[in-house]
Amino acid sequence: MTKTPINTKSICEKWKLIKKNYSPMIQLNLFPNTIKQAFMIAQSPRKAFYNLWLEEWNGKYQIRKESGANSKVLDKRLWKCKSLDKAEKMFEQTIKQKTNPNRKWSSRRYQLIQ
């Protein structure tokens with residue numbers, strides 16, 4: 001039985017064509033990148049808190065919220081935004097609403113800690 005020699009030149013040429021015709025692979029992040037974060041505490045008997053993050057994850061923007069009382073998270077939510085401008089606007093509006101001293105529809109008024 002005779003072995004046929006491997007033509008390494010043709011393999012290299014084929015590899016060059018593959019690399020030329022296809023775009024490189026993109027590595028996706030496992031964890032989002034935090035752009036902004038706000039932590040607020042209310043002067044209430046149950047020590048209510050509100051934690052808000054603006055995150056970028058694989059080119060998309062999202063706002064993540066955790067709220068609760070007595071150091072227990074009772075509610076988690078996630079809002080996805082199409083652009084950074086819209087996400088920042090929503091982030092700032094939420095902080096403004098929660099820290100408004102003349103807030104009428106809720107007796108809970110938060111103080112921005114961080």
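What follows draws every value from the coordinates through simple rules; no lab data is involved. Predicted, not measured: the structure shown is a model, and the values here were computed from it. Heads up, the Cβs are rebuilt from the backbone with ideal geometry, glycines too, and the neighbour counts pull from every protein chain shown.
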nm² value of the averaged projected area, convex hull over the Cα atoms of the range 33-112: 5.4 nm²
Can you pull the one-decimal nm distance between simple spin-label points at LYS47 and GLN93, each 7 Å off the Cα toward Cβ? 3.3 nm
Label points 7 Å out from Cα along the Cβ direction at ARG108 and ASN33: separation in nm? 3.3 nm
